[in-house]
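The values are calculated or read from the model by the stated rules, or taken from the named source; none is laboratory data. Remember, it's a predicted structure, so these values are computed and weren't measured experimentally. Positions of Cβ are generated from backbone atoms using ideal geometry, with glycine treated the same way; all protein chains shown enter the neighbour counts. Each accessible area value is taken on the protein alone, full model and side chains, heavy atoms only, with ligands, DNA and RNA left out. Shrake-Rupley method; radii C 1.70, N 1.55, O 1.52, S 1.80 Å.
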Amino acid sequence: MRRISALKIKTAATELARQANFFLRKDVLAGLRKAYSGEKNKRAKNILKAILDNAAIAAKEKLAICQDTGMPCVFVELGQEVRVEGDLKKAINSGIEDGYAKGYFRRSIIKDPLSRGSSGYLPALIHVDIVPGNKLKLTVLPKGFGCENKAQLKMFNPTVKIEDIKKFIIDVVKTAGPDACPPYVVGVGIGGTADYAAFLAKKALLRKISGKGSQLERELLKQINKTGIGPMGLGGANTALAVHIESYPTHIAGLPVSVNISCHALRSASVVL
Amino acid sequence: MKKINTPLDLNKIKSLKAGEELLLSGTIYTVRDQAHKRLAEAIKKGARLPIELKGAVIYYCGPTQRPKGKIIGSCGPTTSLRMDAFTPLLLAKGLRAMIGKGKRGQEVKEAIRKYKSIYFVTYAGCGALLAGYVKKAQTVAYGDLGPEAILKLEVKDFPLIVAVDPKGRSIYGKD
């Protein structure tokens, strides 16, 4: 049994919150640079340049990449041979709170979805997965709501044609249009249950943009970019940087498909303790 | 690039067309969801408004907290569509221009045409970049709303694209 102190986890969460909001992921930066160099539409190219400049300014001046520093989503892969000394979730929340306060990030979280009230940093949304081993992997994904608001779930019949699934995914992107800050990364969860498909769609955003991917992912990306929505929805060849699909076994009676869009400021940071 | 200043000259605005790019200098107010709700409630009650809407430019924005030694934190636009339910009422009260991101509904486009107003978009998801165009920032109303308080901003050469012009034409086309 390996012991990891709550304090160590808290400190890591603080640092990850800071990192994710100040420094755009390297794979996202590379994806944006590639989009910029390939874009022929003049206005789209200008916008992509502004997006790249924004990332550089954020890193240099220690300003949040986006004012919407999101709902802090935290993914924990907890090795089953790890013993956390102290309260895991309390440590994560306390670390996120410190990171957000020190970074002067936005208080975007309200305690009650109906009565609203004043806003703060907490709670973080924490997903814990127990995995083999004696390590603890912590990932912080600040998810802005301009794009989270465009997420959708559809429970298809098991006999559905693949074309209908593709159409649904592309329609989610079309419905988002300019509102969710394209160029997007499109996360898709297929299978499991309604809630699990939605979780997978979100988790798909953590995967690095590689320019590779399955045939279905590449085909969807091509079709999404054919819509011509473009950066800021003002036209161009770059509506999405990537489509990431995560799937899971499901029931004979169903086929859940969930789509979670990320804006171009796809932010996350991880550490293994 | 064309430059415009606040207060926005009616004649100058009239000639602007959807798709034109320009730089704005002067005073703008950050107003987003909850502040819209409060302004609309105050208008319906006939109460005094905390800012003068006549001729005003509002920016759909909720900045981060102000970092030490800086004028403002990251401050990009938020989705305009969420304000649509309140917009015709504010336009009727003299609101001159709006800055945000994304499309507007049909009713808002018609109200923009009716009141000879204008809707701009600015670089979305570029809050750190846009902070550089803000020269002064001060909370003027609804401080209890935190990031949704109304701030008065002085901006210099703030980059804009006309998204719905005073004739009601949209850069995003008919839908």
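Within segment A:33-65, the residues that satisfy the criterion of being more than 10 Å from chain B (Cβ to nearest Cβ) and among the small types (Gly, Ala, Ser) are A:Ala35, A:Ser37, A:Gly38, A:Ala44.
Might you let me know whether segment A:73-82 holds any residue that is more than 10 Å from every other protein chain (Cβ to nearest Cβ), in a helix (DSSP H, G or I), open to solvent by 70 Å² or more (accessible area, probe 1.4 Å) and out of contact with any Pro (no Cβ under 8 Å at 6 or more places or on another chain)?
Scanning segment A:73-82 turns up no residue that is more than 10 Å from every other protein chain (Cβ to nearest Cβ), in a helix (DSSP H, G or I), open to solvent by 70 Å² or more (accessible area, probe 1.4 Å) and out of contact with any Pro (no Cβ under 8 Å at 6 or more places or on another chain).
From the list B:Leu91, B:Leu81, B:Leu53, B:Leu49, the lone residue that is among the aliphatic types (A, V, I, L, M) and touching a Ser or Thr at 6+ places or on another chain (Cβ under 8 Å) is B:Leu91. Candidates in segment A:247-269 are the residues that are open to solvent by less than 40 Å² (accessible area, probe 1.4 Å) and of a type in the set (Val, Ile, Thr); of these, the one that is farthest from the chain's Cα centre (by Cα) is A:Val257. Only one of A:Lys150, A:Lys137, A:Lys111 is assigned to a strand (DSSP E or B), within 14 Å of chain B (Cβ to nearest Cβ) and either surrounded by fewer than 17 Cβ atoms within 10 Å (Cβ to Cβ) or within 20 Å of the chain's Cα centre (by Cα) (or both); which? Step by step, each of A:Lys150, A:Lys137, A:Lys111 is checked, and only A:Lys111 is assigned to a strand (DSSP E or B), within 14 Å of chain B (Cβ to nearest Cβ) and either surrounded by fewer than 17 Cβ atoms within 10 Å (Cβ to Cβ) or within 20 Å of the chain's Cα centre (by Cα) (or both).
A:Ala198 meets all of the listed conditions (1) under 22 Å from A:Arg18 (Cβ atoms); (2) open to solvent by 30 Å² or more (accessible area, probe 1.4 Å) but one, namely (1). Can you spot a residue in segment B:80-95 that is open to solvent by less than 60 Å² (accessible area, probe 1.4 Å), assigned to a strand (DSSP E or B), modelled with pLDDT of 95 or more and within 13 Å of chain A (Cβ to nearest Cβ)? No, segment B:80-95 contains no residue that is open to solvent by less than 60 Å² (accessible area, probe 1.4 Å), assigned to a strand (DSSP E or B), modelled with pLDDT of 95 or more and within 13 Å of chain A (Cβ to nearest Cβ). The residues of segment B:118-157 that are within 13 Å of chain A (Cβ to nearest Cβ) and small (Gly, Ala, Ser), listed by number, are B:Ala124, B:Gly125, B:Gly127, B:Ala128, B:Ala131, B:Gly132, B:Ala137, B:Gly143, B:Gly146, B:Ala149. Here's a check for you: in segment A:114-125, which residue that is within 12 Å of chain B (Cβ to nearest Cβ) and open to solvent by less than 60 Å² (accessible area, probe 1.4 Å) is nearest to A:Lys90 (Cα to Cα)? Per the criteria, the residue is A:Tyr121.
With respect to the conditions (1) open to solvent by less than 40 Å² (accessible area, probe 1.4 Å); (2) touching a helix residue (DSSP H, G or I) at 6+ places or on another chain (Cβ under 9 Å); (3) more than 12 Å from every other protein chain (Cβ to nearest Cβ), B:Arg169 falls short on a single one, namely (1).
Going by what's in this entry, would A:Val128 be described as farther than 20 Å from B:Asp33 by Cα, outside any loop (DSSP other than H, G, I, E, B) and open to solvent by less than 10 Å² (accessible area, probe 1.4 Å)? Don't jump to the end; show me each part of the working.
Values: farther than 20 Å from B:Asp33 by Cα: yes; outside any loop (DSSP other than H, G, I, E, B): yes; open to solvent by less than 10 Å² (accessible area, probe 1.4 Å): no.
Against the criterion (farther than 20 Å from B:Asp33 by Cα, outside any loop (DSSP other than H, G, I, E, B) and open to solvent by less than 10 Å² (accessible area, probe 1.4 Å)), A:Val128 does not qualify.
For A:Ile51, the criteria (1) out of contact with any His (no Cβ under 6 Å at 6 or more places or on another chain); (2) part of a helix (DSSP H, G or I) hold in every case but one, which is (1).
Every listed requirement among (1) open to solvent by 80 Å² or more (accessible area, probe 1.4 Å); (2) within 19 Å of B:Pro147 (Cα to Cα) is met by B:Lys2 save one, (2). Just to be sure before I move on: is A:Lys10 open to solvent by 40 Å² or more (accessible area, probe 1.4 Å), touching a Phe, Trp or Tyr at 6+ places or on another chain (Cβ under 8 Å) and among the charged types (D, E, K, R) in the structure I sent? In short, no. Restricting attention to segment B:31-70, report how many residues are within 11 Å of chain A (Cβ to nearest Cβ), more than 11 Å from the chain's Cα centre (by Cα) and either part of a loop (DSSP other than H, G, I, E, B) or at positive phi (or both). Number satisfying all stated conditions: 9. Of the helices (runs of 4 or more DSSP H) lying entirely inside segment A:158-244, the ones with 3 or more residues being within 30 Å of B:Ile99 (Cα to Cα) and of a type in the set (A, V, I, L, M) are found at A:162-176. The set of residues in segment A:232-246 being open to solvent by 20 Å² or more (accessible area, probe 1.4 Å) and away from chain B (no Cβ under 14 Å) consists of A:Ala237, A:Ile245, A:Glu246.
Checked against (1) open to solvent by less than 50 Å² (accessible area, probe 1.4 Å); (2) in contact (Cβ under 8 Å) with a residue 24 or more places away in the chain, B:Gly146 passes all but condition (2).
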